[in-house]
Amino acid sequence: MPDLSARVWPRLMDEAGIDPAGTEVEVLVERSTPTLDHVILHLRAATGREVIFKQIRRPADAAHFAGIVAAQDLASRRMAEDPFARVPAILAVDHGAQAVLMEKVPGDTVQKLI
């Protein structure tokens, strides 16, 4: 796991009111190409609460990242009561690090279904 991510996710967990001490970390995706560098982690807190951490390290595009976060937040609120599909709620964001902590929801992601 990259050093930067290891410094960011504990702070975001703390901001979300989740104690990061004793958290189990599972790397779900770590991809680095000449144009893209990102990581997705599954975090299981000592209390058993599970969350997802995503960080886009490259490309650095603050406006694009802010748009992604805003779109996910809106979709999450609008689909909160949908019986068939959910969008994970955002728990904490670090715009400078292009990182987001979100709830873990059961089921497959849209990307997996495509």
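General observations
- Residue in the stretch 73-93 that is at pLDDT 95 or above, out of contact with any Leu (no Cβ under 8 Å at 6 or more places or on another chain) and not hydrophobic (A, V, I, L, M, F, W, C) present: no
Quick grid of which residues meet (1) of a type in the set (Lys, Arg); (2) surrounded by 12 or more Cβ atoms within 10 Å (Cβ to Cβ); (3) more than 19 Å from ARG7 (Cβ to Cβ); (4) touching a helix residue (DSSP H, G or I) at 6+ places or on another chain (Cβ under 9 Å):
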{"site": "LEU41", "(1), (2), (3), (4)": "no, yes, no, yes"}
{"site": "ILE56", "(1), (2), (3), (4)": "no, yes, no, yes"}
{"site": "PRO59", "(1), (2), (3), (4)": "no, yes, yes, no"}
{"site": "ALA71", "(1), (2), (3), (4)": "no, no, yes, no"}
{"site": "ARG86", "(1), (2), (3), (4)": "yes, yes, yes, yes"}
{"site": "ALA92", "(1), (2), (3), (4)": "no, yes, no, yes"}
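- Annotation note: of LEU43, LEU74, LEU101, the sole residue that is hydrophobic (A, V, I, L, M, F, W, C) and assigned to a helix (DSSP H, G or I) is LEU74.
- Counting only residues that are within 15 Å of VAL93 (Cα to Cα) and either of a type in the set (Asp, Glu) or surrounded by 15 or more Cβ atoms within 10 Å (Cβ to Cβ) (or both), the stretch 3-17 holds 10 of them.
- Residues in the stretch 18-39 that are of a type in the set (D, E, K, R) and open to solvent by less than 40 Å² (accessible area, probe 1.4 Å): ASP37 only.
- Of all residues in the stretch 48-76, those that are under 15 Å from VAL87 (Cβ atoms) have Cβ atoms under 6 Å from Cβ atoms of residues that are outside any helix (DSSP H, G or I) and modelled with pLDDT under 95, 6 or more apart or on another chain, in VAL51/LYS104; ILE52/LYS104; LYS54/ILE40; ALA75/VAL87; SER76/VAL87; SER76/ALA89.
The values are calculated or read from the model by the stated rules, or taken from the named source; none is laboratory data. Please read these numbers as outputs of a predicted model, since none were measured by experiment. Positions of Cβ are generated from backbone atoms using ideal geometry, with glycine treated the same way; all protein chains shown enter the neighbour counts. Heads up: the accessible areas ignore ligands, DNA and RNA and are worked out on the full protein's heavy atoms, side chains in. Shrake-Rupley method; radii C 1.70, N 1.55, O 1.52, S 1.80 Å.
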